[in-house]
Structure formats: C-alpha cells, structure tokens
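Structure record follows, encoded as structure tokens.
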Amino acid sequence: MTHVLIIEDDPDVRESVAEVLGEAGMAVDAAPNGRVGLDMLRAGLRPEVIVLDLMMPVMDGREFREHQLADAKLKSIPVVVVTADGRPPAFDVPVAAVIKKPFIVERLIGAIERARQASSE
Amino acid sequence: MTDPEIERLRVELARERLFNAAVHRIARSLTSERDLDTIVQVLTDEATALCRAQFGAFFYNVIDERGEAFMLYTLSGAPRAAFSRFPLPRATPLFGATFRNEGTVRSEDIRKDPRFGAWGPQPEGHLPVVSYLAVSVVDSRGSVLGGLFFGHGTAGVFTEHDERAMEAIAPHAAIAIENARAMRAMREAEAERARSERRFRSLVSSTSQIVWTTNAAGETIEDSPAWRAFTGQTLDEFRGRGWAHAIHDDDREAAMDAWRRAVTARSTYESEYRLRHANGEYRLVASHGVPVINDDGTCDEWVGTTTDINDRRVFEQRIAHERARLSKLFLQAPAAIAVVAGPDLVYQLANPFYCRLVGKQPSQLLGIPGRRALPELVTQGVWDLLDRVRVEGEPYFAREFRAKLDRLGDGTLDEGYFDFTAEPIRDATGQIEAVLLFAMEVTGQVHARKAIEAILQEVPTPIVLVELDTARITFSNAAADALWGHPLPRAQSASDYAELYRAFDPNGAELTVDELPAVRAARGETIRGVRMDLDTPQGRRSVVVDSATVPAVPGHPATIVVSFQDVSQLVTTERALRDAVRIRDEFLSIASHELNTPLTPLKLQLGSLRSPDLSPEKIARKLDMADRQVDRLATLVGDLLEVSRITAGRMKMEPENVPVLEVALEVAERVGVGTTVPIAVDGDRAASAHVDRLRLEQVLTNLLTNAVKYGADKPIDVHVTRTDTAVIARVRDRGIGIAEEQREAIFDRFERAVSVRNFGGFGLGLWIVRQIVDAWGGSVAVESKLGEGSTFVVTMPCAEVRA
C-alpha cells in the first residue's frame, strides 16, 4: 500500500485529493502547509511520496522542498508538485513531477507510482 | 781725429748699435707677437733699458667723465704696486704736454725745473724721480695714443741722444699699438662673428666657414682645404685667381672688382656672391678679408674668411618677411589696433581699421590725447578704464562692451558692441609707457544673437546656450528659467554647477558636474535624447536633453544649444502604464490560480463519481463538495464582473435610508455560518445611512469575510456609531494586522497586504469596498497594529431627514 503525504492549503483540494487517493488504495496523510508537513516528517512520518502544493501560507512549497533537501533523513522522499499557477512553474528545486491543476486522478496516481518506483530502484 | 773725438764716436757707435739692437728686438716682437699687452711690455722694457732709466712706463689716454686721464699700461723697473695709489694720473702741467703732443720733455732735475712750477716734494710712496724724459706716442692720424715716460733717481741721466732715440722708438710703438689694436679688434669682431656664426649654426647646420690667405696681390698661394672642400676645386684650380672660377658668372665681376679695390687700397674686403658648391648648387657666401700690415707698414698677406650665408639669408629673408607681414597685419588686420601713451593717453598709433571703427581720420587721432580725440567716451568711462590699465598694469578684457561713438562726426551717437583688450606696454625698465588697444566690433553678431535669443525666448521648450569648452551659460529662455524656477545665472563657471544644479540619471544616481549633459556638450559631445531628472522648486522633473553646436563666427565663440524637454508627464504616464501592465499580469496569474483551485476538487469529485460501488452517502458528500466549488467559482466570477462594471462606470446605486446595525447583524449571521469565529455586533440601532442597501451588505460582507480570513480565529467585533453628519461602522479583527506602508495599497485593485503566496483571494474585495463607499460620498480607512489586528472604518452619509 503506497503511503502518501499531501501538503495543500486549500481544505477542499486537500480533502478531495486525500479522498480519491484513498479510494485508489493509498494510505494518505495531510498537512495544511509546508511547516506542518515538515514537522510531521521530523516527528518520524515516512511517506513514500509527497504531493506538494506551491502557493501556501506560513511555508510555501519551495521553502518546504529546500528544507527537505537539506535534511539527510528526508531528502530521498520523492515529491510530486501540484500547482494552480497559470504561468509555467518557475520551479528551480528538483522534483519528480509537476502536475497542473485541475487534473484527473489517474494522472496524479501515475505520477505518484512512477516517483515511488524511481526512488526505490 | 783726436782721441776724445774717437772716443765720442766710439761711444756714439756703441749707442747706435744698442739702439739698433733694441729697435730690432722691438720690431721682432711686433712681428712675432700679436698680443697687444706683450708688444707694449717689450717696447717699454727695451726703451727703458736703452735710455738707462730706472723706471719706464707707458700711459695711454683714457677719457673719463672728469676729462682726460691716463692709465698705466705697462711698467718697467718698478713694481706695479708703486702706482697702485695713482692709477689715473691727471693731465698735470708735467704730464699734460706729452699727452697734448707738445714735444718731448726732458729735464735734468724735475724738482728744480722752472717749467713745471712748484713740483715740490713728490707725494709719499711715489717713485723717486729726478731725471725725467717723456715722449708722446701718436698714431698715423695724429691722435695721441699715450706716452712713454722714463725716470731716474739721480739728476742729469738723460741725454739729447736718448731724447732722439725715444722719439724714434715712439712711432714704432704707435704702429705696433695700432696694429695690435686692429688685430684685436679684428679678432674680437671675428670672435663676435664666430660667436654669431656658432649661434647661427645651431639654427642651421649647413653653414661652414672657410679661411683663406692670399699674397699682397690677392693671389692664393697657400691651400685652403675648407674652400676646396666647399667648391670641390683642385689645388691647381684654386691657386692664383683660379678660386674666382667657382663664383657664379653673374657675380664674379663684381666680386673681383671689390677684391681688386681692396687689394689696391689695402682696405677691408667685403663681398657677397654665389659660390658653386661641390654638389653643383650655388650658395650665397660672404667673404671678408683684411690685409696683414707689417711693422714697416707694408702688406704682404691677406687673411680672410668666406662664410656660407645661404641659410642665414633665407632666415633673414624670412624674418624680414615676418616683419613685413607683421606690419601688414597691423595695417590690414581686421581688428582695430591702437596705442595710447602717457597720462593723457595720447594716440601714438592707430591702424586704418581702428580709424574706421571710431570714425576718424588718422590725423584726428595721432598725437592727440584720447579724451580730446573721442570725447564721447569720457562719460562712458572708457578713458578712465584705459588709464587704470596704464596705472595699474593689469590687462583689461571686455566682451560685447557697449559703447556709443560719434562716428559720423556730427554729434549723433551710434551704439555698438565691441570685444576688446587693453594691455599695458612696458619699456625696457619695466615701466608702463603705453596701452595697446585691440578691438573688434561685434555689433552685428550681438544684434543677430539678440534676435535669435528673442525667438528662443518664445520657444516653449527650455533652451540654454552654453559656451564651448567653458560650459558657461550665456543664455536661457523663459521656459528654461521656469523649469528651474529662477533665471539661470549667466556666465557661471562649470565648477559652480555642483552647487546650483542637481540632476540624476534615470536610476536615481546623482550626476557629477562632468556628467551633466550641458557640460558634456561643451566638451564637444553631441547629446541625443539623454534622459535625466532634475531637482526643481516644483519637485523632481524628468527631462530629455539634446544638444547642437552653432559654429564660431569672428568675435563669437562656438555656442552649444542645449534643449531640455520636460517629459515628466510622459514619464508619469509611462510609469503608470508599466504598473498597470504589471498589475494585470499579476492579476491574470492570481486569477488563474484562484480559478484553478476550486476546479481541482470539482474535477476529482466528478471523476470519482464514475466508480461503480459508491454508497449513497458518499455520492451525496461528493456532490456537496462539487457544489461548493461551483459556488466558489461563481463568487470569483462575480467579483471579476463587479470590477469590470465599476471600471466601466456601470455600478448601479439606489440610495435609501438604511439602518446600518440591522444590516450588519444579518451579514454577521450569514458570514458566521461557515466559521466558528465569534462575531459580535453592537452600536447605535437608530443610526441610519443614506446608501444603497445591497451595496452596504456587500461592503460589510467583504470586510467581515476578510476579518475571518485574516483574524487568526480570534473574536471579531462590528460597532456602529453616528455623528451629526455621518454613520460610522467599524469592523475589528485581532489578527495579523497590516504594516503601515501597505495600508493604502490594500485598497488598490489586485493588491494585497500579504504576499500572494500566503493568502488566496483576488484582493478585489477592499477595492470594491472603496469604490462603493466613494460612490456614496463616504470613505473607508484602516487602523492597524502589526500582530494586534486591524479595524476597518467605513464612514457613510447620514440618512436624509424628511422635512
């Protein structure tokens, strides 16, 4: 069972993504911003893949990713970015995939599985 | 013959022999020695010995300011120190006769000689002379060169024979002295000439001097290597009169005539002719020869020099040409030149241009004091000014000096402008003897410039004229003065600009004086469309600077026209446009984000509805979720439409008397539905505002939604009060607050006090609030403290009271 952490500020998006991934048979944890997500990871949570929004209050996706990469215990967890920004994401931090909102669930699941497999090889 | 007679003759013979030997020695010295001092010394020594004198001296004539005196030249038999106290014997009765050539003086005992009166005891320290013999030394023209004086301590030493012997020697002395003097003079002249030549040679290197000798007949016997090197003649060609063949055919006859005349008269030979150089070129040379006169007055040799003066002549011609040019320049110069001298400033010189300039004939100026010649300038201060130059020695320069002259001589004064200088002229001792005036009339140019300036004055673009090089401002038009807020100081030196003008490049960096466009233009740069900002009394203005150069005309230096086009309005507009574009791009980005966000759950939920075995509860929840996203989208679209309506001025407004507290309670209840944050509403229940009810609901909904969003889940208060003219609603949260510098910006379209990343929402709400409140004639403001929350204060017009 694939274990996923969703970091997303919009409650409706967060809830819906968690729901559909759960329905697809994944184990899902959720955080409303980067800061909470980071705290959960540092507390010992070890998802196989992180689904990360970019525009978030408190700590945005980029900052979260920088902290994650700076942490030896966390940096190997692959990240799939989901963003609603209309402009091409000016995202210079390496991630496994970028998916633009809105998206169909199959795309997200595919990206998560590929990221999981790539990181376990 | 008797013995005594024989003895007398024997003595006579011995004397003659001595005499002859002495004369021979003297003659030899005269021929062998060319040094005047040595000749005279030998002569004095021999003569002294011959007449058996204890002391012998040669004094020669010198004329000093007290009259005639005699200078000791040579001395024999006594140390020179014996005469140190009497360096210049006077023409006393004793000496006078000799210096006046009144015949030989011989005295047996000078102390007792009645001819010289009371000679008395000789001055202390004087040579103890008793026997005295003196002969005059007279040259060929009969003038006294000096005298030979002999003395002895005992009486009766000098005989008649001695007298004759000395009289025979004296002419020899004269000739020797004359010769030696001539030689010395020639040598000195030659030396001077050589010095000049050397000096000249340093200027032109090709000069060479040729030395030659000829016999008395003017024929060359000895070789002159220098001559032959110059002419390329062989020794045979050169010999005799062969040298003359090297002279140019046209010059030969004259040169030879001169030579023949000189040889015949034994006078100095001077001639200039063209001499063929070994390279075939004829060069102008100057030949100079002198006869060498023997002691017996004969001449058997000529010595001479030939000098290449070709370059010197060219040089002299050039100097003469320059001099001629100078005087021509002076007479024909397009400038007026005059010299006035003395306390009365008398015209010493005035060139034709000057005469024309002042409208006078030379005779009306020359020799006439300036104040009388041009009385009209007295009251204009010109003569006082020139007198100051004469007295103080400081040159005076004036540009565009305005003077009125009576040029027609009929008493009417004619105004003109002149550039002029007045410079002191000093004599050799440094005293100022005159004042040189150099004037140029620039009336035409001044009038032309004034005409141009009159036009420039009317041009709406700020224009400044600056002088080339100096960057001094010579003119600024009204628009320029208005731009800077004051008339620009004229003729300021560029170094003063730092204090007068502050300019900045478009990035806000202050320009140094050297970077100022006008200063750059004065250095010769062409300025094209340079943008800069200026500090002026009206605030900072943006200008575009261009420059053009007006070339110099006589009397007028080149001028740079610098225009400063005020583009402040354009710059403001440009900045506003850029901001608008930036805001629009940002809006599109935010809009896309905000619209995509609700679409994400909508799409996911709709997608998952396709799964087969869903419970009815699950389906209902998914549909609720989807429904909520559609509402969110509808609100977003509504806000956008609102913005568009307001922007287009199509906001509908139907004002009526509205009870504000009642509306606030309704809105608080509606907003409170989706949140756990407590919202308290209180205040003046009777407060009624004259507003559009639906719009008031919209305003309060916006403010309360924001308060919930940014209120950090802390209680929110709404408080309604009223004054005589207004109803005031305050919406207070206890959240993050708004920084002071952002408090105004939050009411702008698409602006949010917090960064885009941190909070969602269009940021249109507060803008819409302000548009609505402004339309009522009310106002909205914010009071806030960071970290303690914000209070939005809406002031609305009071309800209209029915009459």
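The values are calculated or read from the model by the stated rules, or taken from the named source; none is laboratory data. What you are looking at is a predicted structure, and each value in this text was computed from that prediction instead of being measured. Neighbour counts run over all protein chains shown; Cβ positions are idealised from the backbone, glycine included. When the accessible area is computed, the model is the full protein with side chains, heavy atoms only, and any ligands, DNA or RNA have been set aside. Shrake-Rupley method; radii C 1.70, N 1.55, O 1.52, S 1.80 Å.
Observations
- Filtered by the rule that a residue be more than 14 Å from chain B (Cβ to nearest Cβ) and either out of contact with any strand residue (DSSP E or B) (no Cβ under 9 Å at 6 or more places or on another chain) or open to solvent by 10 Å² or more (accessible area, probe 1.4 Å) (or both), the range A:1-30 gives A:Met1, A:Thr2, A:His3, A:Ala27, A:Asp29.
- Residue that is surrounded by the most Cβ atoms within 10 Å (Cβ to Cβ), among those in the range B:594-631 that are part of a loop (DSSP other than H, G, I, E, B) and more than 11 Å from every other protein chain (Cβ to nearest Cβ): B:Ser615
- Residue check, B:Glu272 out of contact with any helix residue (DSSP H, G or I) (no Cβ under 7 Å at 6 or more places or on another chain) and surrounded by 15 or more Cβ atoms within 10 Å (Cβ to Cβ): yes
- Considering only residues in the range B:223-255 that are among the β-branched types (Val, Ile, Thr) and in contact with a strand residue (DSSP E or B) (Cβ under 7 Å, 6 or more places away or on another chain), the one that is nearest to B:Leu275 (Cα to Cα) turns out to be B:Ile247.
- Among residues of the range B:493-522, those that are surrounded by 12 or more Cβ atoms within 10 Å (Cβ to Cβ) and either under 16 Å from B:Phe564 (Cβ atoms) or in contact with a Leu (Cβ under 7 Å, 6 or more places away or on another chain) (or both), counted: 16
- From B:Ala254, B:Ala262, B:Ala229, residue being surrounded by fewer than 16 Cβ atoms within 10 Å (Cβ to Cβ), at pLDDT 80 or above, in contact with a Phe, Trp or Tyr (Cβ under 8 Å, 6 or more places away or on another chain) and part of a helix (DSSP H, G or I): B:Ala254
- Any chance B:Arg734 is in a loop (DSSP other than H, G, I, E, B) and either free of Cβ contacts under 8 Å to residues at least 24 places away in the same chain or more than 60 Å from the chain's Cα centre (by Cα) (or both): yes
- Positions within the range B:440-466 being touching a Ser or Thr at 6+ places or on another chain (Cβ under 8 Å) and open to solvent by less than 30 Å² (accessible area, probe 1.4 Å), in sequence order: B:Pro462, B:Ile463, B:Val464, B:Leu465, B:Val466
- In the range B:637-659, the condition of being free of Cβ contacts under 8 Å to residues at least 12 places away in the same chain and within 12 Å of chain A (Cβ to nearest Cβ) is met by no residue.
- Of all residues in the range A:68-77 being open to solvent by 30 Å² or more (accessible area, probe 1.4 Å) and either of a type in the set (S, T, N, Q) or out of contact with any Lys or Arg (no Cβ under 9 Å at 6 or more places or on another chain) (or both), the one that is nearest to A:Glu113 (Cα to Cα): A:Ser76
- Residue tally, condition within 16 Å of B:Val780 (Cβ to Cβ), open to solvent by 50 Å² or more (accessible area, probe 1.4 Å), in contact (Cβ under 8 Å) with a residue 40 or more places away in the chain and in a strand (DSSP E or B), over the range B:667-724: 0
- Filter result for the condition that a residue is within 60 Å of the chain's Cα centre (by Cα) and open to solvent by less than 80 Å² (accessible area, probe 1.4 Å), over B:Ala634, B:Ala576: B:Ala576
- Any hit, the range B:486-504, residues being assigned to a helix (DSSP H, G or I) and aromatic (Phe, Trp, Tyr): yes
- Flag if B:Ala350 is farther than 16 Å from B:Leu436 by Cα, buried (at least 16 other Cβ atoms within 10 Å of the Cβ) and small (Gly, Ala, Ser): no
- Filtered residue count, the range A:94-117, keeping only those that are open to solvent by 50 Å² or more (accessible area, probe 1.4 Å), within 14 Å of chain B (Cβ to nearest Cβ) and in a helix (DSSP H, G or I): 2
- Count of the range A:36-66 residues which are more than 14 Å from chain B (Cβ to nearest Cβ), in a helix (DSSP H, G or I) and crowded, with 18+ Cβ neighbours inside 10 Å: 3
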